[in-house]
Amino acid sequence: MLILTVQIEDAATSALQRTMARLDAATELHEAMGVGVKQAAVDHLVATKNSPNTGWWGRAARMVSHTATATEATVIYNQRGVALRYHGGTVKKKVDGPLLTIPLATVPVVDGTRKPARMMGSLAFISARKGHRRGLLVEGEAYTPKKGKHAGQERTRPKKGGQLYYVLMDQVTHQPDPTVLPTEKDLSAAAVNAAEEYLTTAD
């Protein structure tokens, strides 16, 4: 969860503060500001991050929420992973856990997200160790060895000319991406505009 606190610092601040001091319903004012900033955050994600190939950012936009009290408004990014993309960081596989499975563009998209490996049918593992990469999952085909310890047992091998679908990693590092959020200027403007509209309507 990423919590964004917006502090307004511009020419309208002192006037807004004087008006707020005269209002008994400060929570309603912050509610209006929270709605305005949340909408700015949602519009930014949809416009700059949503992809025709995956609905992850679309879900992130739909899951933005806000709260309001008599002293502040808070906008919350609830989609798991948004904070990682904003701040950056390294994701490591759990001890004795499975490798991290990274889908490539060849993996079909279903319901706005790329299909997990378990839904891709027959896949074959190819060892390809380099750095933190541990292997690849490629399109597989069934065959029955005639020799060796698995003779007579149906096995899976890489299909000749088959697609490469996933890269298996023991850790993945994400670089910080400050463009996940609108600029501070845009957020402040959204808060000020929402406050001014609320106060104008209240008058």
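The values are calculated or read from the model by the stated rules, or taken from the named source; none is laboratory data. Please read these numbers as outputs of a predicted model, since none were measured by experiment. Note that we place each Cβ from the backbone using ideal geometry, even for glycine, and neighbour counts take in every protein chain shown.
Within the option set 47, 40, being modelled with pLDDT of 95 or more, among the aliphatic types (A, V, I, L, M), over 30 Å from residue 139 (Cβ atoms) and out of contact with any Phe, Trp or Tyr (no Cβ under 7 Å at 6 or more places or on another chain) holds for one residue only, 40. Does any residue of segment 103-119 turn out to be within 18 Å of residue 177 (Cβ to Cβ) and in contact (Cβ under 8 Å) with a residue 24 or more places away in the chain? Looking through segment 103-119, none of the residues is within 18 Å of residue 177 (Cβ to Cβ) and in contact (Cβ under 8 Å) with a residue 24 or more places away in the chain.
Of these, 99, 137, which one is within 13 Å of residue 164 (Cβ to Cβ) and out of contact with any Pro (no Cβ under 8 Å at 6 or more places or on another chain)? Break it down stepwise before answering.
Details: 99 fails: within 13 Å of residue 164 (Cβ to Cβ).
That would be 137, the only listed residue that is within 13 Å of residue 164 (Cβ to Cβ) and out of contact with any Pro (no Cβ under 8 Å at 6 or more places or on another chain).
Filtering segment 173-203 to residues that are farther than 20 Å from residue 66 by Cα and charged (D, E, K, R) leaves 177, 203.
For segment 99-129, residues that are in contact with a helix residue (DSSP H, G or I) (Cβ under 9 Å, 6 or more places away or on another chain), within 19 Å of residue 141 (Cβ to Cβ) and among the hydroxyl-bearing types (Ser, Thr, Tyr) total 0.
Applying the selection to segment 137-162, what residues are out of contact with any Leu (no Cβ under 6 Å at 6 or more places or on another chain) and surrounded by 12 or more Cβ atoms within 10 Å (Cβ to Cβ)? Reasoning before the result, please.
We begin by selecting, within segment 137-162, every residue out of contact with any Leu (no Cβ under 6 Å at 6 or more places or on another chain); these are 139, 141-162.
Correct list: 139, 141, 145, 155, 156, 157, 158, 159, 162.
Taken over segment 163-176, the residue count meeting the criterion of being surrounded by 13 or more Cβ atoms within 10 Å (Cβ to Cβ) and touching a Gly at 6+ places or on another chain (Cβ under 7 Å) is 2. When residue 91 is tested against (1) modelled with pLDDT of 90 or more; (2) among the aliphatic types (A, V, I, L, M); (3) closer than 19 Å to residue 189 by Cα, just one condition goes unmet, and that condition is (3). Residue selection: residue 75 satisfies the criterion of being more than 14 Å from residue 195 (Cβ to Cβ) and in a strand (DSSP E or B).
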